[in-house]
Amino acid sequence: MNIAAQKPKWVYSFGAGAAEGEAGLRNLLGGKGANLAEMSNLGLPVPPGFTLTTEVCAAYYANHKKYPDGLEAQVEAALAQVSAQVGRRFGDPAKPLLLSVRSGARASMPGMMDTVLNLGLNDVTVAGLAAESGDERFAYDSYRRFIHMYCDVVLGVEHHLFEDALGDFKHGLGVALDTDLSADDLRELTGIYKEIVNRELDEPFPQDVNAQLWGAIGAVFGSWESARARTYRAIHGIPDDWGTAVNVQAMVFGNMGNDCATGVAFTRNPSTGENEFYGEYLVNAQGEDVVAGIRTPQYLTRAARLAAQDDKPSLEETMPALFRELCEIYHRLEAHYRDMQDIEFTVERGKLWMLQTRSGKRTTSAALRIAVDMAREGLITRNEAVLRINPAALDQLLHPSLDPDAPRAVLTRGLPASPGAATGEVAFTPEKAEQVAAAGRPVILVRTETSPEDIHGMHVAAGILTSRGGMTSHAAVVARGMGRPCVSGAGAVRIDYKAGFFMVDSQTVREGDMITLDGSSGDVILGAVPTVQPELSGDFGQLMEWADGARRLKVRANAETPEDARTARSFGAEGIGLCRTEHMFFDAGRITAVREMILASDEAGRRAALAKILPMQRQDFVSLFEIMSGLPVTIRLLDPPLHEFLPKSEEEFAQVASALNSSAEKVRARAHALEESNPMLGHRGSRLGISYPEIYEMQARAIFEAAVQVKKSSGEDVHPEIMLPLIATGKELSILKARIDAMAREVSGETGEKLEYQIGTMIELPRAALRAGEIAEQAEFFSFGTNDLTQTTYGVSRDDSGSFLKDYLKAGIFSEDPFASLDQEGVGELIRIAAERGRRQRPGLKLGICGEHGGDPASVGEQET
Ligand code: PEP
Ligand code: MG
């Protein structure tokens, strides 16, 4: 029968140097099936077989678990073709064809269904296999493995019943190892296994090979809807309707004697990326023996063996001709797929068979090296090399990470707020953190949430853990700025500050106990876990240079301190895109002055406080302008969510009182009066500038005076960009802009210097996005403040989202935390509207993004149109 001519086509054959499928049919044939077809097309030695497509799976589920018409005939025909190619028949008593049956979805789904090997063995064919191989022990060993595997995977008989029976049997014989069992023993064992099946299922182990085959096919399709497969799909975002394919393939044996072997290999080193053939093999073994760790595998190459000072011979030494053939094949596969491959092979009686190839998993540093090397070798283009690297994984290269081999006891998981890993002693107050750090010990600051007064503790901490707050909470934003690992919003952590411990369920962690944070995954781990320091290779610089050549966006840093500004420049930042001026006052020496300003009861009091702040601000800006020498610096005027700045403790009330020449009671009362129910929607941003003009005037003066000073000292022009936060209307902006312009004229008059500057705004409120036209009349640039824009679009508080985020993720309402990855549909639409309306009003209006999403690859990646 001509299989190719049949419609609809459910089955695709491969083998003997040809295939009906190819790599491009991955959706239809699954990853494994498509690659087996592709290898066959390349003329590589692939054991012949066939693939039942993912469409069979879909049809099976659409039709109350019934196979589509025509499938059975197509399977029969494909099986006949395999028979003809290998010269064996399925179920033949003398020369039986044995099969492997495996699942194979589009995306690799480990743990979905185990493979069934040696299918086609029964009481009759096992004798044929014994006679033909001349190895009765091998035949019965294969049979008992098959019964065990088939019962476990297909018939649902508990795995341990066979394990127990094997253990009892060996015990009865007084032997310890499976290899101590003789052919007769194994034959007897198959009898015992079959009795187990009889007892458990009330029917015998299927002797009909066709029943075995359809049983295994049904089990693969059934496994698509198993609980573990469904969970895996949910976690990895694999759609339910993709379905799996089934691959049926002639068995080849790596365990028929010492001229047989089996192995796994990578075409380049998956840990380092080095261009060397890397892998392991075992003589006289089946594939599972290599990965199961029962026997220690041997190296493939002589060089690797010598480097490891291993005395067991490499494949290169034991089977040199075969090794050469394998090398030729791996070079061809790598060149064909243009990527590092992970391959499986078996040698049966001196003949090499390729069982699998796929793109190999690798560490981030290996990925980097492989991409750069392959571009240099001309195998891929530079743009492809850039696109091969997962940008989020690059973070791994910039921060310490947990030693992947170290054991870890995960206590709970919060939000991965700032990447990197850190271990240290638990401290619940910034003061305690300072003490521990001063004693030279690493410390983890653990707080319900952080506020500006915790800054000194955050600064000395190796890592920060909070039980409340989202990805844009104070802790998260500040930790990222400082480059400190941070886990925020770990809701299961209940802190008792007074008693000096926190609890997760019934587990207690006291002050001074060691914990470890993985800011890249959000894991909070009990005890110390060794970390590994990142090593930046030249490949990183090379890849970033290629990325620079391809990108269209400009990248500026979010920086407030000279240290951050210098780091940003050293990584190639093209200026500062967001300098949050309120962050300049987190410093312990300054916060009191800011509090004085906030708490002053009249304009005179505020002016007195501002007079103290002005020189500090001016100096801050001088430093930033100098470091950025000529590059643009966007300075955002004060936007303090008031609650972050108000004093809370008696000590703080007293401190501010003495600075204000007032009493602690008065300060407490004033702080109380300023308390807001919804500080995030309260008296912040430009509203503060409208109420208290002197604040923004002071800041504008500091900026202009600094610009003049740097211009005079360096001779270079400085072009500050002044950004007004939380604007909702054009009118607010025009009032504030007029005051800043007036201040510019004043400073110009005083210094005799002409000032060049721009005034723009953040788009952080839906109203501002909708009224972007009116706002662009005044604003010379827009920067999307997507933290607030997300908060205000969703009406979800950035500080409180942690408490229900996981429910929303679990229910599939959010696919990601919208504070981490931009909601392209909702917030994105507002951005589009604002961009269009803004540019209609002011063609060429400069647009940027300064919310935390600016650092998220998915949020700033190019959209397919
Ligand atoms: C924003 O809202 O996106 C922003 C950058 O401002 P902040 O995070 O300081 O509110
Ligand atoms: Mg904001």
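Where a number appears in this text, it was derived from the coordinates with a stated rule and is not lab data. Predicted model only: the values in this text are computed from it and were never measured. We place every Cβ from the backbone using ideal geometry, glycine too, and count neighbours over all the protein chains shown.
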**Message:** Considering only C-alpha atoms, what is the centroid distance from region 567-614 to region 201-277, in Å?
**Reply:** 61 Å
**Prompt:** Of Lys731/Lys846; Lys731/Lys754; Lys666/Lys731; Lys712/Lys846, which ones are farther than 32 Å apart at the Cα?
**Reply:** Lys666/Lys731
**Along each principal axis, Cα extent of region 115-201, largest first, Å** = 33, 31, 21
**Request:** With a bin width of 10 angstrom, please list the P(r) values of region 766-865 as percents of all Cα-Cα pairs, from the 0 bin to the one holding the largest distance.
**Result:** 15, 45, 30, 9, 1
**Item:** Net dipole in debye of region 664-761 [+1 Lys, Arg Cβ; -1 Asp, Glu Cβ; about Cα centre; nearest 20]
**Value:** 300 debye
**Prompt:** Treating the beta-carbon of each Lys and Arg as +1 and of each Asp and Glu as -1, no other charges, what is the dipole magnitude of region 471-621 about its Cα centre, to the nearest 20 debye?
**Reply:** 560 debye
**Prompt:** Can you list the aspartates and glutamates whose alpha carbon is less than 17 Å from that of Lys194, not counting same-chain residues fewer than 8 positions off?
**Reply:** Asp123, Asp141, Asp152, Glu158, Glu163, Asp164, Asp168, Asp184, Asp185, Asp202, Glu203, Asp208
**Prompt:** Roughly what angle does helix 209-223 make with the longest principal axis of the chain, taking Cα atoms, 0 to 90 degrees, to the nearest 10?
**Reply:** 10 degrees
**Request:** Taking the convex hull of the Cα atoms, report for region 476-552 its projected area averaged over all directions, in nm².
**Result:** 7.8 nm²
**Kirkwood Rh, angstrom, region 232-293 [1 / mean 1/r, Cα pairs]** = 14.8 Å
**Asked** Which whole-number value in Å³ per residue fits the convex hull of the alpha carbons of region 698-849?
**Response** 126 Å³
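Please identify the trypsin sites (Lys or Arg not before Pro) of region 491-538 that satisfy two criteria: DSSP loop assignment and at most 13 other Cβ atoms within 10 Å. Which are they?
Passing both the DSSP loop test and the Cβ count: Lys498.
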**Request:** Name the residues whose placed amide hydrogens come within less than 5 Å of the amide hydrogen of Leu355, ignoring near sequence neighbours (fewer than 5 apart) on the same chain.
**Result:** Glu344, Phe345, Thr346
**Complete:** The size of the Cβ-based charge dipole (Lys, Arg +1; Asp, Glu -1) of region 40-148 about the Cα centre, to the nearest 20 debye, is 220 debye
**Fill in**
Sorting Ala664, Phe645, Ser691 by the position of each Cα along the dipole of region 645-736 (Lys, Arg +1; Asp, Glu -1; all at Cβ), the one nearest the positive end of that ordering is Ser691
**Prompt:** Excluding same-chain residues fewer than 8 positions from Lys498, which aspartates and glutamates have a Cα within less than 20 Å of its Cα?
**Reply:** Glu425, Glu431, Glu434, Glu449, Glu453, Asp454, Glu511, Asp513, Glu650, Glu651, Glu652
**Message:** Counting each pair of different Cα atoms once, what's the Kirkwood radius of region 298-352 in Å, rounded to one decimal?
**Reply:** 12.2 Å
**Prompt:** Once the Cα atoms of region 641-691 are picked out, what are the Rg and Dmax in Å?
**Reply:** 11.9, 31
**Asked** Give me the Kirkwood hydrodynamic radius of region 521-578 in Å, from all C-alpha pairs, to one decimal place?
**Response** 14.3 Å
**Request:** Starting from the Cα gyration tensor of region 536-635, take the square roots of the eigenvalues, sort them a ≥ b ≥ c, and report rounded, prolate or oblate (rounded when a/c is under 1.5, otherwise prolate if a/b is larger than b/c, else oblate).
**Result:** prolate
**Request:** State the three equivalent ellipsoid semi-axes of region 35-171, derived from the C-alpha gyration tensor as the square roots of 5 times its eigenvalues, in descending order and whole Å.
**Result:** 28, 22, 15
**Complete:** When the charge dipole of region 332-452 is computed with +1 at the Cβ of Lys and Arg and -1 at the Cβ of Asp and Glu, the Cα pointing farthest to the positive end, of Thr346, Leu387, Ala433, is that of Thr346
**Message:** From the convex hull of the Cα coordinates of region 388-454, what is the mean projected area in square nanometres?
**Reply:** 6.5 nm²
**Asked** If you take the charge dipole of the chain about its Cα centre, with +1 on Lys and Arg Cβ and -1 on Asp and Glu Cβ, which of Pro313, Met471, Gly420 is farthest toward its positive end?
**Response** Met471
**Span from the region 117-169 Cα centroid across to the region 772-834 one, whole angstrom** = 59 Å
**Fill in**
Counting sequence-distant residues (5 or more places) and residues on other chains, those with an amide H built under 5 Å from that of Lys846 are Phe782
**Complete:** Cα pairs beyond 28 Å in region 439-591, in percent, come to 31 percent
**Item:** Shape parameters for the chain, alpha-carbon atoms, Rg then Dmax in Å
**Value:** 34.0, 106
**Prompt:** What is the percent of Cα-Cα separations in region 593-722 that go past 25 Å?
**Reply:** 34 percent
**Request:** Measure out, as a whole number of angstrom, how far apart the alpha-carbon centroids of region 46-79 and region 365-379 sit.
**Result:** 40 Å
**Asked** By how many degrees, between 0 and 90 and to the nearest 10, does the Cα long axis of helix 320-337 differ from the longest principal axis of the chain?
**Response** 50 degrees
**Ellipsoid equivalent to region 294-447 - semi-axes via the Cα gyration tensor, in Å** = 44, 22, 14
**Asked** How far, in degrees from 0 to 90, does helix 364-377 lean away from the longest principal axis of the Cα atoms of the chain, to the nearest 10?
**Response** 80 degrees
